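Heads up: the structure comes next, in structure tokens.
The values are calculated or read from the model by the stated rules, or taken from the named source; none is laboratory data. In this text, all values refer to a predicted model and were calculated from it rather than measured experimentally. Virtual Cβ from ideal backbone geometry, glycine too; neighbours counted across all protein chains shown.
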Amino acid sequence: MTLPGSPQVAYRGDRLMLEGCAVTDLAASFGTPLYAYSRSAMLSALSAYQQALEGRDHLICYAVKANSSLAVLQTFAQAGCGFDIVSAGELSRVLAAGAQPSKVVFSGVGKTRAEMRQALDAGVMCFNVESEAELETLSSVATQAGLMARISLRVNPDVDAKTHPYISTGLKGNKFGIAHERAVAVYAHAAALPGIEVVGIDCHIGSQITEISPYLDAVDRVLDLVEAIEATGLRLHHLDLGGGLGITYTDEKPPSAGDLIGALLQRIEARGHGHRKLMFEPGRSLVGNAGVLVAEVLYLKPSDDHDGKNFCIVDAAMNDLMRPAMYEAWMRIVPCRLRDEAPVTYDVVGPVCESGDWLGRDRALAVHAGDHLAVLSAGAYGMSMASNYNTRGRAAEVMVSGAESWLIRERETPAELFRGEHLLPAR
């Protein structure tokens, strides 16, 4: 039985499988909480973008913030991807995973001078500049270093992506990008600054987008700007159209990567811009449905009254998976082994000392203490947002390919968590 999301996650008989590995076997081998990822699912999702762009000058830059584990980055680097980073730490990660600096774009609203210098020294492809103040600072840093900073401006097209307000990035009230009406003037200023080479234009309107129309609205506004900018004599080599394509968590029906890119290409070509290099920055759509979070059922806590809540208490918590607590995100939760008995409706909660520590509410599950549950579609913004709240070590991670599995991150120990801390001197 295949589940919504990824075909690599399915029941075979009564056992939940991730490719050729039983999830219960992974839990037994590596412990829980455990993030497990399908390498085939990642490469299949990437392939949809690659096929849609075949024969065109393009670069797919994986958005590292979605899942920054080294083996995940290595998988995409080996498949020819570039990377979209938002910090010097992410730059260090992608380089450690084998990325080519010439395929790295540096986004983010708060780049420090030290981060700019590190990226310049590494030779990144492009800075996606998000404010006029940042542009001035980057010019200063590049000039002092005797280097040229290749830049695109991230313009804010003021387009509603129709997604959660916390992950909307393309509206006038969002902190991201340079206002559409300021873009032509800022490009002219950038072209006159020392240490700056203008190479492209960038926009990104949000995340978990499930419709094509906001993308088409954004690309129209970007192309309007391209034409106005080039009328001043500047030339823009590439169009970076960002990422944000949604995935299926429950009943969402996002367009496929092929359908989205096909619609964008049609609009771009119709307006005479088909000759330009195209860049995309997918994150969630490459890794989201490739991962599961596996947890052990610790206790079942039935309600004392007919209308009360039943609680299924598991060993994974909000520090392992923040999305439900932060966004009230709905994520499918399934047993790793099916039981032939009537399900009970539970709130699935963790051990953290917060009422907001829940993974799913009102879930019909047939489980006993000691069973394992899997939170599906957990490959994006799971481990990358994990914390050590309550002095809880972050989960282990494994990568699966066929019937093989590899530990790609060890579980953190308490000693590792306070290794950098110091007691006061004895008095």
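Overview of results
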{"read-out": "Residue match in region 230-240 (condition: acidic (Asp, Glu), surrounded by 23 or more Cβ atoms within 10 Å (Cβ to Cβ) and closer than 27 Å to Gln144 by Cα)", "value": "no"}
{"read-out": "Boolean, Thr32 is within 25 Å of Val367 (Cβ to Cβ) and β-branched (Val, Ile, Thr)", "value": "yes"}
{"read-out": "Answer residue from region 136-192, given it is among the basic types (Lys, Arg) and within 23 Å of Val104 (Cβ to Cβ) and is modelled with the lowest pLDDT among those", "value": "Lys175"}
{"read-out": "Out of Ala122, Ala97, sole residue that is at pLDDT 95 or above, of a type outside the set (Lys, Arg) and under 19 Å from the mean Cα position of the chain (by Cα)", "value": "Ala97"}
{"read-out": "Pairs with Cβ under 8 Å, 6+ apart, first in region 293-316 and over 14 Å from Val367 (Cα atoms), second surrounded by 14 or more Cβ atoms within 10 Å (Cβ to Cβ) and modelled with pLDDT under 95", "value": "Ser303/Lys309"}
{"read-out": "Selection count where residues are in contact with an Asp or Glu (Cβ under 8 Å, 6 or more places away or on another chain) and polar (S, T, N, Q), scope region 209-256", "value": "1"}
{"read-out": "Unique match (being surrounded by 18 or more Cβ atoms within 10 Å (Cβ to Cβ), at pLDDT below 90, among the aliphatic types (A, V, I, L, M) and not assigned by TED's automatic domain parsing to the domain that holds Arg323) among Ile205, Ile196, Ile201, Ile247", "value": "Ile205"}
{"read-out": "Cβ pairs under 8 Å, 6+ apart, first in region 15-31 and closer than 15 Å to Ser401 by Cβ and assigned by TED's automatic domain parsing to the domain that holds Ser405, second β-branched (Val, Ile, Thr) and not in a strand (DSSP E or B)", "value": "Met17/Val23"}
{"read-out": "Of all residues in region 138-161 being part of a loop (DSSP other than H, G, I, E, B) and in contact with a His (Cβ under 9 Å, 6 or more places away or on another chain), the one that is nearest to Val222 (Cα to Cα)", "value": "Pro157"}
{"read-out": "Residue match in region 106-113 (condition: over 21 Å from the mean Cα position of the chain (by Cα), farther than 19 Å from Val294 by Cα and modelled with pLDDT of 95 or more)", "value": "yes"}
{"read-out": "Positions within region 389-404 being surrounded by 14 or more Cβ atoms within 10 Å (Cβ to Cβ) and not charged (D, E, K, R), in sequence order", "value": "Tyr389, Asn390, Gly393, Ala395, Ala396, Val398, Met399, Val400, Ser401"}
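So that you can scan it fast, the table gives a plain yes or no per residue for (1) of a type in the set (S, T, N, Q); (2) modelled with pLDDT under 95:
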{"site": "Gln8", "(1), (2)": "yes, yes"}
{"site": "Met17", "(1), (2)": "no, no"}
{"site": "Tyr35", "(1), (2)": "no, no"}
{"site": "Leu43", "(1), (2)": "no, no"}
{"site": "Tyr62", "(1), (2)": "no, no"}
{"site": "Gln74", "(1), (2)": "yes, no"}
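So that you can scan it fast, the table gives a plain yes or no per residue for (1) within 24 Å of Arg284 (Cβ to Cβ); (2) surrounded by fewer than 16 Cβ atoms within 10 Å (Cβ to Cβ):
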| residue | (1), (2) |
| --- | --- |
| Leu338 | no, yes |
| Tyr346 | no, no |
| Trp358 | yes, no |
| Ala364 | no, yes |
| Ala374 | yes, no |
| Ala378 | yes, no |
| Ser387 | yes, yes |
| Trp406 | yes, yes |
